[in-house]
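Inspection log for the structure reproduced underneath, given as structure tokens.
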Amino acid sequence: MSGIRVVVQLELKPDQVGQLMPCIKELQEKSRAEAGNISYDWIISAEKPNAFFVVEHWKSQAALDEHMETAHFKNYKNQTAGKVISASTALGKNIS
């Protein structure tokens, strides 16, 4: 299946994880409901309870761009401001 894949590795401040979980769950739920989304999963690390992987699959770059302008994505960015230790993002496509 084609489209755009996004893999985010994220580490939150340990004392902020519980407070941010409702926001994270809302982001996951609403992102999955977007027309351009194929899949969207938050995965918590087995080794570090404050580390996450976000694995996303979008139909197109335009769908990803639209996602980043949604109210729920902007809310997540606002809620996590100053609460992230580290974050990295990789974009890619499936090997045909």
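The values are calculated or read from the model by the stated rules, or taken from the named source; none is laboratory data. All figures in this text were calculated on a predicted structure; none of them were measured in a lab. A quick note on method: Cβ atoms are made from the backbone with ideal geometry, for glycine too, and the neighbour counts reach across all protein chains shown. Each accessible area value is taken on the protein alone, full model and side chains, heavy atoms only, with ligands, DNA and RNA left out. Shrake-Rupley method; radii C 1.70, N 1.55, O 1.52, S 1.80 Å.
Quick notes on this structure:
- From the options V55, V8, residue that is of a type outside the set (F, W, Y), in contact with a strand residue (DSSP E or B) (Cβ under 8 Å, 6 or more places away or on another chain) and either assigned to a helix (DSSP H, G or I) or touching a residue at least 60 places away in the same chain (Cβ under 8 Å) (or both): V8
- Any hit, region 71-82, residues being over 13 Å from the mean Cα position of the chain (by Cα) and open to solvent by less than 50 Å² (accessible area, probe 1.4 Å): no
- Selected residue [in a strand (DSSP E or B) and either exposed (fewer than 13 other Cβ atoms within 10 Å of the Cβ) or modelled with pLDDT of 95 or more (or both)] from S39, S31, S2: S39
- For region 81-96, a residue qualifies if it is touching a Lys or Arg at 6+ places or on another chain (Cβ under 9 Å) and in contact (Cβ under 8 Å) with a residue 60 or more places away in the chain, and the qualifying residues are K83, V84, I85, A90, L91, G92, K93, N94.
- Any hit, region 62-79, residues being closer than 21 Å to Q9 by Cβ and either at pLDDT below 95 or of a type in the set (V, I, T) (or both): no
- Any hit, region 61-80, residues being in contact (Cβ under 8 Å) with a residue 40 or more places away in the chain and acidic (D, E): no
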